[in-house]
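Quick notes on the structure that follows.
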Amino acid sequence: MKKIVLLNILLLFSVAVFAQTINKTDSTAAASDTSNTTVTGGMQSKNDIMQNMALSKGLSVFYNFIKVANLTETYESRGPITVFAPVNEAFKTLQPGKLDSLARPAYVWELTHILTYHAIAGKLSLKDIQKQINGHNGTATFTTLGGSKLTAKIDSNHNIILEDENGGQSMISRIDIEQSNGVLHVVNKVLIPKAKAI
């Protein structure tokens, strides 16, 4: 009799665990689409920014440009750093020929300026950015790692919109992806700072 009761309890426990696993999988699949999986697939909070971007097919252009510009150490540093990483598709919206030019050694300073324009010293979550916006009459201004100004505001759909120094806008599409050395937000456009004289 004890064996039957014990067997029933074990059977009920395994059914409950299996049901929870199925529910978790279903809700996770419903909450994320294929593009989100491509962007954040495999990322772990114990990894630094570079380690996680290496795992992300959806951020490979940004990741490869960081390597070309020799900025790997910056994005692997202890930080903390807040990164606004453009998805691969964002680079396709650049002027014709711009993408190819940025990959050339002659344009390394321009590439560096663009890449550092997508990062801010410190760890800024979505809530931190919203507080800054709300505390500054609807527009917050941040100084990027490259020393240029980047503004943020909230649009009518409650999205955070980043505006570059040329008036170009990019929406934060994925938020608060924890990194061991900061936080990563995914954006849908490449932000372009004003050109600096060298």
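Side notes on the structure shown:
- Ascending count of other beta-carbon atoms within 10 Å, so fewest first, for 43, 171: 171, 43
- Sites listed here are chymotrypsin sites (Phe, Trp or Tyr not before Pro) in region 48-129 whose DSSP assignment is loop and whose Cβ has at most 10 other Cβ atoms within 10 Å, and the list is empty.
- Each Lys and Arg contributes +1 and each Asp and Glu -1, all at the Cβ; summed about the Cα centre of region 114-198, the dipole is approximately 120 debye.
- With a simple spin-label model that places each label point 7 Å from the Cα along the Cα-to-Cβ direction, the separation between residue 159 and residue 109 comes to 3.5 nm.
- Region 43-91: trypsin sites (Lys or Arg not before Pro) in DSSP loop, at most 12 other beta carbons within 10 Å: 46, 78
Bear in mind these aren't lab numbers, they're just calculated from the coordinates by the rules spelled out. Worth saying up front: this structure is predicted, and the values here are computed from it rather than measured. Here the Cβ is made from the backbone with ideal geometry for all residues, glycine too, and neighbour counts use every protein chain on show.
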